[in-house]
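First comes the structure, then the notes that go with it.
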Amino acid sequence: MSIKIEPARIDDYPSFLDVFFEICELHRINVPWKFNEPNSEIFSKKYYLELLNNKDAFFIMAKYSDEVVGYILAIKRSSFDNPIFRSRTYVSIDDLVVKNDYQKMGIGTLLMDKLEE
């Protein structure tokens with residue numbers, strides 16, 4: 001099985017939503033006290049486009065035959081000096097998701113490796 005790891009593109013949006021809603025449903029079923037049933041606007045196309053244009057966002061897709069089967073979304077952030085911590089720049093991983101049918105194949109590792117590049 002050949003998995004492609006590449007930056008998110010606008011035409012990935014519909015296939016990305018399949019992955020996103022799968023993880024939302026998993027959260028809702030397993031932690032119902034915390035998660036609501038998602039609606040179609042939960043990850044709007046407008047927000048998706050904002051991420052694609054955000055120079056501090058790392059939005060990477062894992063694809064099998066042009067179908068998105070996983071993704072990682074990380075954001076570069078900065079903290080300011082305070083009495084305890086020095087200022088720094090770091091990357092925070094917001095999402096790392098692989099569709100259930102594609103888990104245990106190393107796709108999450110491939111996504112993390114690409115992010116580290």
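Summary table below
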quantity: Rounded, prolate or oblate (a/c below 1.5 giving rounded, otherwise prolate when a/b exceeds b/c) for segment 5-55 by Cα gyration tensor; calculated: prolate
quantity: Degrees separating the helix 13-30 axis from the principal Cα axis of the chain, which is the longest one; calculated: 80 degrees
quantity: On Cα atoms only, tilt of 107-116 relative to the major axis of the chain in degrees; calculated: 30 degrees
quantity: Partners for residue 99 among lysines (Cα-Cα distance below 19 Å; same-chain residues under 8 apart left out); calculated: 4, 63, 114
quantity: Among [x] 1.01; [y] 0.93; [z] 0.98, the entry that matches Rg/Rh (Cα atoms, Kirkwood Rh) as calculated here; calculated: [x]
quantity: Extension reserve of the residue 90-residue 115 stretch, reckoned as 0.36 nm per residue once the Cα distance is removed; calculated: 7.8 nm
quantity: Spin-label pair residue 53/residue 82, simplified geometry with 7 Å Cα→Cβ offset, distance in nm; calculated: 3.2 nm
quantity: Percent accessible area from carbon and sulfur atoms, the chain, protein chains only, probe 1.4 Å; calculated: 51 percent
quantity: Protection-proxy order for peptides 14-20, 83-89, 66-72, 100-106, each taking the mean of Cβ atoms within 10 Å per residue, highest first; calculated: 66-72, 14-20, 100-106, 83-89
quantity: Surface per residue (accessible, 1.4 Å probe) for the chain, Å²; calculated: 68 Å²
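The values are calculated or read from the model by the stated rules, or taken from the named source; none is laboratory data. Given the structure is predicted, the values throughout are model-derived calculations rather than measurements. For neighbour counting, all protein chains shown are included, and Cβ atoms are generated from backbone atoms with ideal geometry for every residue, glycine included. Surface accessibility is based on the protein's heavy atoms, side chains included, excluding ligands, DNA and RNA. Shrake-Rupley method; radii C 1.70, N 1.55, O 1.52, S 1.80 Å.
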